[in-house]
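Here the structure is laid out as structure tokens; the discussion comes afterwards.
The values are calculated or read from the model by the stated rules, or taken from the named source; none is laboratory data. The structure displayed is predicted, hence computed values, not measured ones. Cβ coordinates were reconstructed from backbone atoms using ideal geometry, including for glycine residues, and neighbour counts include every protein chain displayed.
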Amino acid sequence: MTRRTILASAAAFAADTSRRLPVKKGVLTSMLPKELSIKDKFQLAKDVGFEAVEGQTVEDPAIEAEMAKAAQSTGVPIHSVMNMLHWQFPLSSADPDAVGKSMSGMETSIRNAAAWGADTVLLVPGVVNPQTGYADAYKRSQDQIRRLIPLAEKNKVVIAVENVWNKFLLSPLEFARYVDEFQSPWVKAYFDVGNILLYGYPQDWIRTLGKQRIAKVHLKDFKNRRNMVVRANVPEFVNLRDGDLDWKEVHKAFTEIGYKGYATVELSGGDAKYLRDVAARVDMILNGE
């Protein structure tokens, strides 16, 4: 599919508001050109068609303030914060030092969110590996998240647990139960549409989790390609609508549950031409094409 076709199709569907999902388009700050200033990154996001950005954890108060100023001056809000320590130092670890670093990172992320006017912090809750069993990951991560809820409530920031390739929360029923067990409006799901494709169907997860649990959405796509060396299908991340994901079914499921939040693209970064093309692809997805 050529860039010209993508842009033309997105424009053709723009007027059909009856089909379009009432969802705002977001982009990760990490996808924006690194050589630009913070303000210019926000302005570029706006110029190519995005309505908001998702930031990353910032330790430096000066950078935190600059991010807030850029959002205000460009009119591009920071709607969410991606915690940056949850893979290296998971809450499910048996190492108290690792857990402490993870908790500190989450506390910083929540304070970033409050300073920026964001209403969610993305958290990978735990990682199952040879050192950490499934049951341990479940209990340890929940115990630590419960300790974070008072800070989240104080700052009016939702802890949004994301489904990733961490060998954890592998079914929509379990993901829903995991969130429900907190019995708190400050813990919800950050649903990644593409991450599910290896072991499920995103439209099924969307309907199971429902509007009440899904706080935010990530958009990505990938294609399973046959690798003859390992004789197995190997997932390769590709641009939106170039992979195996059934976007029409995803659109239908989001329509059914009445989702009205943000959908943020999580792809590799690029220049203005590339980002404008990605934004147009998101328009096509939201329009149900």
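A few notes on this one:
- Filter pass, residue 27 being touching a strand residue (DSSP E or B) at 6+ places or on another chain (Cβ under 6 Å), modelled with pLDDT of 95 or more and surrounded by fewer than 21 Cβ atoms within 10 Å (Cβ to Cβ): no
- Restricting region 81-114 to residues that are modelled with pLDDT under 95 and among the aliphatic types (A, V, I, L, M), the residue that is farthest from residue 30 (Cα to Cα): 85
- Flag if residue 62 is part of a helix (DSSP H, G or I), of a type in the set (A, V, I, L, M) and without any contact (Cβ under 8 Å) to a residue 12 or more places away in the chain: yes
- Residue among 101, 69, 156 that alone is charged (D, E, K, R) and under 21 Å from the mean Cα position of the chain (by Cα): 156
- Here the strands (runs of 3 or more DSSP E) wholly within region 134-233 that include at least 2 residues being surrounded by 22 or more Cβ atoms within 10 Å (Cβ to Cβ) are 158-162, 187-192, 214-219.
- Filter pass, residue 241 being basic (Lys, Arg), touching a strand residue (DSSP E or B) at 6+ places or on another chain (Cβ under 9 Å) and buried (at least 21 other Cβ atoms within 10 Å of the Cβ): no
- Matching residues in region 39-59 - criterion: being of a type in the set (Asp, Glu), surrounded by fewer than 21 Cβ atoms within 10 Å (Cβ to Cβ) and touching a strand residue (DSSP E or B) at 6+ places or on another chain (Cβ under 6 Å): 51
- Pair list, Cβ under 8 Å, 6 or more apart: region 103-129 residue under 16 Å from residue 262 (Cβ atoms), other residue aromatic (Phe, Trp, Tyr) and modelled with pLDDT of 95 or more: 120/190; 122/190
- Unique residue being within 19 Å of residue 111 (Cα to Cα), out of contact with any helix residue (DSSP H, G or I) (no Cβ under 7 Å at 6 or more places or on another chain) and touching a residue at least 24 places away in the same chain (Cβ under 8 Å) when the list is 167, 220, 156: 156
- Residue count, region 65-101 (criterion: small (Gly, Ala, Ser), part of a helix (DSSP H, G or I) and touching a Phe, Trp or Tyr at 6+ places or on another chain (Cβ under 9 Å)): 6
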